[in-house]
Each structure stands twice: as C-alpha cells, then as structure tokens.
Amino acid sequence: RTTAPTSIVVFGGTGDLAKRKLFPAFFNLFIDEWMPVRFQIIALGRKQYSQEGFRAYVLENLKEFSRNNKFTEEQWLSFSEKITFLNFDITGENSFQNLNDKLTAFDVECNSRVNRLFYLSVAPNFIDSVSTSLKKAGMADEVEKDRIIIEKPFGYDKASAVALNELLNQNFKEEQIYRIDHYLGKETVQNILAFRFANTVFEPLWSNRHIESVQITVAEQVGVEDRGGYYDHSGALRDMIQNHLLQILCMVAMDAPVEFESSLIRDKKAEILKAVRRIKPEDINHYTVRAQYTDGEIKGNPKQGYKQEPGVDPNSSTETFVAMKFYIDNPRWQGVPFYMRTGKSMAQKKSCVIVNFKEVPNKTFANGTDSLRPNQLTINIQPEMDIRLSFMTKKPGLDMTLNPVEMVFDYFECAPDSPEAYETLLIDALDGDSTLFMRSDQVEEAWDIIATIQEEWKNGTYSPIYTYAAGSWGPEAANELLSRQGHRWLSAT
Ligand code: BG6
C-alpha cells in the first residue's frame, strides 16, 4: 500500500480517459487497498456539475468500465467522498487560485504538506498553459512530493517533443515528470523483462546467432469510433508506432540492466532506440507500408470506410494501418529484421510478439519431414495473455514422424482478474517510481526514428497509400514486405 497522503488533480476530469480508465483505476486500487489512507481526487472540467451530479456520473461510468463492477454500496460511498468536482477554466487565474485553496485546505486537514499528483489529460496545446500556471502558483514546487503525469500524444514530431520537454523542464525537474505509455503498464508487457532476465534458458539464445526475425503485431478491431477529429491529424504511425510498438520493441531487444532500477532500465531502452537504424527517404517504400481501411465487414456487421467516419476529411490520406521493418545496429541484433504492424478495423483484436528462431543447422531430420518447423516463441499481450513456446517432438507411433507442439504459460489461469495497465502506472506514480514511464531522451529518440517516414509520407514521393477492406489483415503489400525475405506474418494473416 502507498502510504503518503496525496492530493490527486485530474485536468480533463470530465474527459474520455478519466471516464473509462482513470476513475475505474483509482477505484479498483481503493477497493484493493492500494491507495493511501488519506487522499482526495479533484476532477477539473469545463462542464457544470454539482458535487452529487459528478459523483453520480462517476458511479455510472464505474458500472460500465471498471473491471470490478461487483462492489458494495459502502465501498462506493467511502470512495465517492474523496472526489471533488471543480469547474475549471484552464486559461483563468481564478481557477488556479481555487485549486490552490482546495490543495492547501487538504494540507491543513492532514497537518502536513501532502504529496500532489497532477494528471494532465488535456489536449497538447494546453500543456503549456497548465504547467506554466502550476509553476507560477507554486503548486508543484516540492520536487520530492509533487509529480506531473503527461498523457500522449507527446508532441507531433521530434521538434515539438523537444520543445515540450524544454518547456516542462523549465517548470519542473525531470524526476517529477511522468510521461505515460499505458502499454508499459500491461502485465504481459512487463512480464517480458521477467521472462528474459529472470531465467537462464532464453537469454543465451536471444540474439542474431539464434533468432531469424521478430514480429510485433498490435491489431485492433475497433475503427476510429468518435475520435476521427483527433485521429485524422495523427494516423497509425504517430498514434501507435512512435510510442506503444517502439516501447514493446525496447522490452524485447534491450540488454539486461545491472539492477531493476528506473534509470538503469531507461538507459538500456534509450540505447536500443539509438541503435535502431534510421530509414533513408529513398528507402521508405522498401521498409514501410501504409494503408487506409475501406468498407468491409467486422464480426458479420458492415463497417464503413475510414473516409466516411465522423470527423474525418473525406479526402484524407491519413494511414490507419502501418507495417514496417526495422534493423537494430548493435552486435546482438545486427541483421535481424524486426517487423511491426498495427491497424484499426482489422480482422481481429490481437497484440503479440513472435520470436522466430533459426532453422536447425544439422540435417538429421531433413528427409521426409516437411513438418519440420523452426522454434517459435509467442508472447500474447492481449486479449489472450500467454507465452507459448513451440518445439518439435516425435509423434507417438512406430515411425519417426515429427510434430510441432506447444508449451504454454497462461496468465488468465493464474490471475483472471489482473490489474489494468492504468492501475499499475498510477500506483507507481503515487509511489514515485518512474521505471515504467518514458524519459525525455526516449521520447525524442522514438520521434527521431520515425522522422524521415513522417516527412516522406507527407510529401508522398516514394510511398503509395494502399487500402484494405475493414475486417481484413491489411493490404497485400504488408505480406510482400516479409515474403521478399522468405518470411511471413506468423500470427493470423
Ligand atoms: C491509444 C491510441 O494510445 O491506444 C488508440 O491512441 C488505441 O488509438 C489505444 O486504440 C489502444 O490501447 P489498448 O490498450 O486498447 O490496446
């Protein structure tokens, strides 16, 4: 349990993230007794709510979005009394004064200057004014106690991310800044480090000597839903590759940190991002495929094409699917292709990492066994949460016929009700543990990796935008990206 009394302030308290993720996460942490004994949550928003009205709205959302919706009335009542709604104008000085008063009042009640956690779930153009106003009012001046969580998107390209980091660094110390990437809070993503570095059997094989290729897939079945306005200015490269997929890549490819300690882990991740080979503009078409979904069918229901989605420009050339190939120029990974793909309105929701090992070098079973398959390690991130190692065995019987089988570790069987990513990340932020958050250099490197792609796609000199039917696995070009090297997507295609 986190012990230090804390004031939590949610900028964007009536927004989508607060509704679906933040309040359910705080509530589950509260029920499971992870929250400090003394805390308050101040939700800031532009809508008009009475205190009762806002609490009723939170309750309604908990029933819909919390992983645990079998809570008692008593649990809800004791949680709800910690919530205050404050009508808030981000550009108004009075609003910050009111907030300051509420924070000070809680300090007085607790007889000490308590910790403060400011969650900035606001559009990127407001981060400047919010952080400057916090600084001006002296509300987040205690480096040891005050923390700022910043939601993505963290800039829209490298220059804007650098500018944002500079701005934040003027107002706060780096150790106060928690840049969130919720993929890092997922159990199955965190487990990659345990799997790799707490075992002796896998790490010796974890290099170009034994690994043929690595695949990272984050496929979503949902389209852009009601986020067309945001998404059309973002696209899959910025929305998913720059952050979630590159973070997964770091977990798979990084070297072992000397200790499981925040700065050491983040150093190792930054090293990998630095070693990712930058793609030259004239090679973009060789290494990347972008596409947009058109009319199709998902789970038996018709799905309209991207250009018809609300908030999307009917002439939009924003990509909703990306497939690409990366190389990492370091001794461990030289020559191993890392394939990545992500998309909306795809056939299935599936996030996974597949490590494809090399073929056996000897010819012992070369004759008559076309079933001989290289070993494959699958780390299913969601919705399945498991690790599967496939290997060859002899099929029971009189002759020597081979058969691939799987050894499986299933998370669901061990912990069907495991915490959501936001629960893990919020408790870490409350505890002042930034291991699972991104440091400024990591964010900037990640933008640097995709910089030429962004630029080239904007100009469109070398790279066409393909289409794929909603409900499919993406365009044929994504298969060709692998097949010309004798590979294929190993999860569904
Ligand atoms: C968000 C993206 O960061 O991640 C969304 O902005 C995407 O477009 C979402 O749908 C995916 O998260 P999850 O946890 O549902 O896989």
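For segment 468-478, what are the residues that are over 25 Å from the mean Cα position of the chain (by Cα) and not aliphatic (A, V, I, L, M)? Step through it out loud before you land on a result.
First, pick out the residues of segment 468-478 that are over 25 Å from the mean Cα position of the chain (by Cα): 469, 476-477.
Scanning segment 468-478 gives a single hit, 476.
Among the helices (runs of 4 or more DSSP H) lying completely within segment 86-197, list those that include at least 3 residues that are within 16 Å of the ligand (Cβ to nearest atom) and either under 30 Å from residue 414 (Cβ atoms) or at pLDDT 95 or above (or both).
Values: elements: 93-110, 127-136, 158-171, 187-197.
Answer list for segment 86-197: 187-197.
Examine segment 263-274 for a residue that is under 22 Å from residue 475 (Cα atoms) and over 20 Å from the mean Cα position of the chain (by Cα), and state whether such a residue exists. If you could, list the steps in order and put the result at the bottom.
So in segment 263-274, the residues under 22 Å from residue 475 (Cα atoms) come out as none.
So far as segment 263-274 goes, no, none of its residues is under 22 Å from residue 475 (Cα atoms) and over 20 Å from the mean Cα position of the chain (by Cα).
Assuming residue 247 fulfils every condition listed in (1) touching a strand residue (DSSP E or B) at 6+ places or on another chain (Cβ under 6 Å); (2) open to solvent by less than 10 Å² (accessible area, probe 1.4 Å) apart from one, which condition is it?
Residue 247 satisfies all of (1) touching a strand residue (DSSP E or B) at 6+ places or on another chain (Cβ under 6 Å); (2) open to solvent by less than 10 Å² (accessible area, probe 1.4 Å) except (1).
Residue by residue, here is whether (1) touching a residue at least 24 places away in the same chain (Cβ under 8 Å); (2) within 12 Å of the ligand (Cβ to nearest atom); (3) not in a loop (DSSP other than H, G, I, E, B) holds:
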site: 199; (1), (2), (3): no, no, no
site: 207; (1), (2), (3): yes, no, no
site: 213; (1), (2), (3): yes, no, yes
site: 216; (1), (2), (3): yes, no, yes
site: 221; (1), (2), (3): yes, yes, no
site: 239; (1), (2), (3): yes, yes, yes
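I'm told residue 204 meets every condition in (1) in contact with a His (Cβ under 9 Å, 6 or more places away or on another chain); (2) surrounded by 14 or more Cβ atoms within 10 Å (Cβ to Cβ) except one. Can you identify the failing condition by its number?
Failed condition: (2).
For segment 223-237, how many residues meet the condition of being near the ligand (Cβ under 10 Å from one of its atoms), open to solvent by less than 10 Å² (accessible area, probe 1.4 Å) and in a helix (DSSP H, G or I)?
Residues flagged as near the ligand (Cβ under 10 Å from one of its atoms), open to solvent by less than 10 Å² (accessible area, probe 1.4 Å) and in a helix (DSSP H, G or I) within segment 223-237 amount to 2.
Which of the residues spanning segment 267-295 are surrounded by fewer than 20 Cβ atoms within 10 Å (Cβ to Cβ) and under 14 Å from residue 321 (Cβ atoms)?
The answer is 294, and nothing else.
Just checking, which of 65, 106, 88 is surrounded by 14 or more Cβ atoms within 10 Å (Cβ to Cβ) and over 29 Å from residue 153 (Cβ atoms)? Steps first, answer last, please.
Details: 65 fails: over 29 Å from residue 153 (Cβ atoms); 88 fails: over 29 Å from residue 153 (Cβ atoms).
Selected residue: 106, the only one of 65, 106, 88 that is surrounded by 14 or more Cβ atoms within 10 Å (Cβ to Cβ) and over 29 Å from residue 153 (Cβ atoms).
Within segment 361-376, which residues are under 29 Å from residue 189 (Cα atoms) and without any contact (Cβ under 8 Å) to a residue 60 or more places away in the chain? Don't jump to the end; show me each part of the working.
Within segment 361-376, the subset under 29 Å from residue 189 (Cα atoms) is 373-376.
Within segment 361-376, 373, 375 qualify.
Take the residues in segment 376-404 that are modelled with pLDDT under 95 and of a type in the set (Val, Ile, Thr); name whichever of them is nearest to residue 33 (Cα to Cα).
Ranking the qualifying residues of segment 376-404, first place goes to 393.
Of the residues 300, 311, which single one is without any contact (Cβ under 8 Å) to a residue 24 or more places away in the chain and surrounded by fewer than 19 Cβ atoms within 10 Å (Cβ to Cβ)? Talk me through it step by step, then tell me what you get.
Values: 311 fails: without any contact (Cβ under 8 Å) to a residue 24 or more places away in the chain.
Selected residue: 300, the only one of 300, 311 that is without any contact (Cβ under 8 Å) to a residue 24 or more places away in the chain and surrounded by fewer than 19 Cβ atoms within 10 Å (Cβ to Cβ).
Output the qualifying pairs, or none if there are none: Cβ atoms under 7 angstrom, residues six or more apart or on different chains, first residue in segment 449-464 and over 20 Å from residue 476 (Cα atoms), second residue of a type in the set (Phe, Trp, Tyr) and open to solvent by 40 Å² or more (accessible area, probe 1.4 Å).
Sorted first by the residue in segment 449-464, then by its partner, the pairs are 456/462.
Determine if segment 250-261 includes at least one residue that is open to solvent by less than 20 Å² (accessible area, probe 1.4 Å), more than 16 Å from the ligand (Cβ to nearest atom), under 23 Å from residue 177 (Cβ atoms) and in a helix (DSSP H, G or I).
Checking segment 250-261: at least one residue is open to solvent by less than 20 Å² (accessible area, probe 1.4 Å), more than 16 Å from the ligand (Cβ to nearest atom), under 23 Å from residue 177 (Cβ atoms) and in a helix (DSSP H, G or I).
With the requirement that a residue be in a helix (DSSP H, G or I) and farther than 15 Å from residue 15 by Cα, what does segment 65-77 give you?
At the first step, the residues of segment 65-77 found to be in a helix (DSSP H, G or I) are 65, 73-77.
Matches in segment 65-77: 73, 74, 75, 76, 77.
The values are calculated or read from the model by the stated rules, or taken from the named source; none is laboratory data. Keep in mind that this is a model prediction, so the values were computed, not measured. Note: ideal-geometry Cβ built from the backbone for every residue, glycine included; neighbour counts use all protein chains shown. Protein only, heavy atoms only, side chains kept; ligands, DNA and RNA dropped before computing areas. Shrake-Rupley method; radii C 1.70, N 1.55, O 1.52, S 1.80 Å.
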